[in-house]
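Shown next, in structure tokens, is the structure this report addresses.
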Amino acid sequence: MNRQIAREKAAALVAQMTVEERASQLRYDSPAVDRLGIPAYNWWNEALHGVARAGTATSFPQAIGMAATFDDGLLQKVADTVATEGRAKYNAASRHGDRDIYKGLTFWSPNINIFRDPRWGRGHETYGEDPYLTAQMGKAYVRGLQGSGETMKTAACAKHFAVHSGPEAIRHHFDAKATAKDMEETYLPAFEALVTEANVEAVMGAYNRTNGEACCGSKFLLQDTLRGKWDFQGHVVSDCWAIRDFFEGHGLVDTPEEAAALALERGCDLNCGNTYIHLMSAYRQRLVTEEQITEAVTRLFTTRYLLGIMPGQHSEFDAIGYEVVSCKDHKSLADEVSRRACVLLKNDGVLPLNTGTVGTVGVIGPNANSRRALIGNYYGTPDEYVTVLEGIRAAMEGKGRVLYSLGCALKRDRDENLAQAEDRLQEAVTVAQHSDTVVLVLGLDESLEGEEPDEGNAEGSGDKLDLLLPAPQRKLLDTVLALGKKTVVILMAGSAIDLTAAQENADAVLQAWYPGARGGKAVAEILFGQVSPSGKLPVTFYHNEALDTMPAFTDYAMTERTYRYYTGTPLYPFGYGLTYGDTSVVRLTADKATAKVTVRNGGRDTEDVVQVYCKDEDSPFAPTNPVLCGFARVSLAQGEEKTVEISLHDKAFTVVNDLGDRIPGSGSWTLYASFGQPDQRTEELTGRKAVKCQVT
């Protein structure tokens with residue numbers, strides 16, 4: 001069904017409703033209209049990396065880990081799988097009359113905000129710090145969720161529109177100020193791409209203000225840009241209880257009625273929260289018109305008709321049975337994503353481990369056997385977990401001993417309340433001393449980085465104060481490394497952590513992110529060489545001292561932020577990641593549409609990610625450093641050479657001036673191709689220099 005037909009059906013149905021009935025449908029928990037045969041529908045559902053909060057579902061790596069695959073084709077398969085499970089669960093629930101929250105087909109995913117500051121607690125929900133990578137991955141996720149059938153498989157939602165990346169603690173009253181250049185160059189491109197290229201069905205506003213206007217009631221964002229410049233045809237939803245912030249946090253209006261009127265007037269169709277229960281009061285006060293209510297509810301029913309879930313409709317997805325939920329094929333796909341997401345940051349030759357010669361393996365650390373560290377946040381209920389400890393034990397079955405120690409609590413100075421501080425440290429030392437190889441598993445979980453506390457998230461979640469591991473983990477790391485044992489450090493976290501001590505003193509470092517419920521299996525497969533690691537960092541890993549030169553967390557200027565503008569030396573650069581192969585770029589030719597990159601692998605079979613960066617040599621408006629403009633994941637057998645054609649970003653040869661206008665570049669560009677960034681630190685870490693060519 002095309003949108004025009006769906007809208008006509010929606011308009012005809014809405015015309016039969018009273019104004020009270022229409023207003024009632026603008027709440028996320030829309031009640032039934034029994035006299036018209038319209039069932040209740042709850043719009044709130046989540047699918048960040050699997051169907052969330054509605055019971056059993058396949059658990060994929062957290063979004064930041066999926067971004068590390070640099071594989072938009074794979075991500076589209078993930079989203080299609082998520083949509084399949086969403087349909088299966090919806091079909092089963094609706095048959096039983098269950099129309100509760102998290103049971104619908106409108107998924108409030110993906111999160112395409114730019115991870116501009118490494119302290120932001122919700123950054124692991126995003127696809128990283130680069131607008132182009134974010135757009136490519138976001139478009140793939142939307143296309144996978146929505147499908148290309150006669151009816152929409154599920155409805156995706158681009159969030160949080162638009163200038164939103166912390167601080168979490170003040171988001172309900174904070175005003176994010178961004179220049180016109182930063183808006184056009186950094187904060188808006190991914191949203192524009194999802195709207196104009198992927199036809200995302202919904203857009204969610206953010207909690208904060210942007211340049212003085214509440215995002216969920218912004219004339220610039222919602223009217224001028226989204227529906228004006230981009231011609232968005234779907235519906236807009238508020239973040240949850242964000243419209244209440246208009247009067248409680250931002251002080252823009254005095255009453256709930258005025259808040260509801262402002263949001264509706266600016267184009268926010270659906271209220272996640274309770275402010276739109278005041279719409280009829282606002283209507284009676286003549287703050288809103290019947291026409292405004294009618295237009296909003298027509299947009300919402302257009303979405304429901306596009307999904308094929310209105311009375312009398314049938315969808316090609318109605319026959320999807322519950323058996324697909326967390327089935328073998330879906331778990332296998334999740335395992336594949338977990339393997340491609342892991343990023344090898346250091347390897348002095350200790351990896352891959354050989355089960356025949358590795359001897360006794362000591363597995364130590366608070367995340368080694370943690371299920372919580374597998375699943376990030378916004379997750380469903382896995383029916384199977386494999387922690388890192390369990391993955392290693394399975395790999396070592398019948399081949400050697402595995403010892404285990406917690407080592408320390410995640411952030412507390414003791415594990416047992418009545419014990420003295422460092423009550424697990426001695427055991428960790430003993431385990432390490434009795435081991436031939438130590439695997440030290442450190443990091444965070446949603447209790448240490450995440451969303452501002454609410455009913456759906458762990459208490460205490462939020463932003464990081466610095467880039468350091470919690471103090472007990474730093475003590476554990478230093479103590480174990482001082483023993484001189486062969487040591488592999490695994491980090492399970494969703495953001496940049498200063499791993500200087502591990503980089504300097506460990507034999508290998510592996511970034512595993514939050515790898516999904518069975519992620520320990522993928523980690524073990526990489527450790528023992530069943531698969532070569534191939535993930536790349538979608539964010540820069542800074543030294544903690546970089547925060548001293550970075551703008552304040554509340555400053556949305558891009559100066560000294562992300563790889564595009566950072567002038568210091570990172571610990572690990574954006575785009576960096578090692579493999580067990582020996583890959584190199586040997587030749588590059590390009591025009592303004594396509595780069596042809598010849599690559600070679602002198603080591604063992606591996607996958608790797610070819611990356612193309614563009615640098616405008618003469619424009620004063622160009623970013624400080626070369627910018628990602630194309631990428632492709634390639635599979636290379638030992639000794640193989642192949643040429644890969646990579647489509648380049650259509651805006652790669654433009655720049656944004658200080659007025660926020662995107663204009664042609666200088667006409668003199670350098671293109672770089674490598675398996676990482678064309679920066680000095682990547683060259684030091686990989687021993688490879690990027691190949692370059694000129695484009696004019």
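Identify all residues within the stretch 592-643 that are open to solvent by 40 Å² or more (accessible area, probe 1.4 Å), without any contact (Cβ under 8 Å) to a residue 40 or more places away in the chain and closer than 21 Å to residue 341 by Cβ; write none if there are none.
Hit for the stretch 592-643 is 635, nothing else.
Could you please find all residues in the stretch 294-308 being buried (at least 21 other Cβ atoms within 10 Å of the Cβ) and part of a loop (DSSP other than H, G, I, E, B)?
Correct list: 307 only.
Mind telling me which of the residues 291, 323, 316 ends up being surrounded by fewer than 14 Cβ atoms within 10 Å (Cβ to Cβ), of a type in the set (D, E, K, R) and not in a helix (DSSP H, G or I)?
316
Go through (1) under 30 Å from residue 209 (Cβ atoms); (2) touching a Gly at 6+ places or on another chain (Cβ under 7 Å); (3) open to solvent by less than 30 Å² (accessible area, probe 1.4 Å) for residue 558 and report which single condition fails.
(2)
Quick test of your reading of the structure: residue 333 fulfils all but one of (1) part of a helix (DSSP H, G or I); (2) hydrophobic (A, V, I, L, M, F, W, C); (3) over 24 Å from the mean Cα position of the chain (by Cα). Name the failing condition by number.
So the condition that residue 333 fails would be (3).
Is one or more of the residues making up the stretch 665-676 of a type in the set (Ser, Thr, Tyr) and closer than 29 Å to residue 342 by Cβ?
yes
How many of the residues in the stretch 407-441 are touching a Pro at 6+ places or on another chain (Cβ under 7 Å) and either farther than 30 Å from residue 48 by Cα or open to solvent by less than 10 Å² (accessible area, probe 1.4 Å) (or both)?
3
For the stretch 361-386, give me each residue that is in a loop (DSSP other than H, G, I, E, B), more than 12 Å from residue 439 (Cβ to Cβ) and either without any contact (Cβ under 8 Å) to a residue 40 or more places away in the chain or out of contact with any strand residue (DSSP E or B) (no Cβ under 6 Å at 6 or more places or on another chain) (or both).
If the condition is that a residue be in a loop (DSSP other than H, G, I, E, B), more than 12 Å from residue 439 (Cβ to Cβ) and either without any contact (Cβ under 8 Å) to a residue 40 or more places away in the chain or out of contact with any strand residue (DSSP E or B) (no Cβ under 6 Å at 6 or more places or on another chain) (or both), then 366, 370, 371, 376, 377, 382, 384, 385, 386 are the ones that fit.
Quick check, is residue 97 of a type in the set (Gly, Ala, Ser) and without any contact (Cβ under 8 Å) to a residue 12 or more places away in the chain?
Here the answer is yes, as residue 97 does meet what is asked.
Every residue in the stretch 484-520 that is among the β-branched types (Val, Ile, Thr) and open to solvent by 10 Å² or more (accessible area, probe 1.4 Å), please.
500
Among the candidates 148, 109, which residue alone is on the phi < 0 side of the Ramachandran plot and in contact with a strand residue (DSSP E or B) (Cβ under 7 Å, 6 or more places away or on another chain)?
The unique qualifying residue is 109.
Do we find that residue 348 is of a type in the set (Asp, Glu), at pLDDT 95 or above, surrounded by fewer than 20 Cβ atoms within 10 Å (Cβ to Cβ) and in contact with a strand residue (DSSP E or B) (Cβ under 8 Å, 6 or more places away or on another chain) in this structure?
So residue 348 fits the description; yes.
Out of 566, 556, 580, 576, report the one residue that is without any contact (Cβ under 8 Å) to a residue 60 or more places away in the chain and within 30 Å of residue 468 (Cα to Cα).
From the options 566, 556, 580, 576, the qualifying one is 566.
Just to check your reading of the model, which residue among 88, 23, 10, 92 is open to solvent by 10 Å² or more (accessible area, probe 1.4 Å) and either among the aliphatic types (A, V, I, L, M) or assigned to a loop (DSSP other than H, G, I, E, B) (or both)?
92
Take the residues of the stretch 263-286 that are among the aliphatic types (A, V, I, L, M) and farther than 21 Å from residue 227 by Cβ: which is least open to solvent (accessible area, probe 1.4 Å)?
282
May I ask you to list pairs of residues, at least six apart or on different chains, whose Cβ atoms are under 6 Å apart, with the first in the stretch 61-74 being open to solvent by 10 Å² or more (accessible area, probe 1.4 Å) and the second being not in a helix (DSSP H, G or I) and not aliphatic (A, V, I, L, M)?
Qualifying pairs under 6 Å: 71/633.
Determine, yes or no, whether residue 18 is open to solvent by less than 20 Å² (accessible area, probe 1.4 Å) and either touching a residue at least 24 places away in the same chain (Cβ under 8 Å) or over 15 Å from the mean Cα position of the chain (by Cα) (or both).
No.
Going by what's in this entry, would residue 592 be described as closer than 19 Å to residue 670 by Cα, part of a strand (DSSP E or B) and touching a strand residue (DSSP E or B) at 6+ places or on another chain (Cβ under 7 Å)?
When the stated conditions are applied, residue 592 does not pass them.
Contact list please: Cβ distance under 6 Å, first residue in the stretch 154-179 and more than 13 Å from residue 216 (Cα to Cα) and open to solvent by less than 10 Å² (accessible area, probe 1.4 Å), second residue outside any loop (DSSP other than H, G, I, E, B) and not hydrophobic (A, V, I, L, M, F, W, C), pairs at least six apart or on different chains.
Partner pairs satisfying both residue conditions: 154/86; 155/106; 155/303; 156/146; 176/210.
The values are calculated or read from the model by the stated rules, or taken from the named source; none is laboratory data. Keep in mind that this is a model prediction, so the values were computed, not measured. Cβ: placed from backbone, ideal geometry, glycine included. Neighbour counts: every protein chain shown. Note: accessible area is taken over every heavy atom of the protein model, side chains too, but ligands, DNA and RNA are not part of it. Shrake-Rupley method; radii C 1.70, N 1.55, O 1.52, S 1.80 Å.
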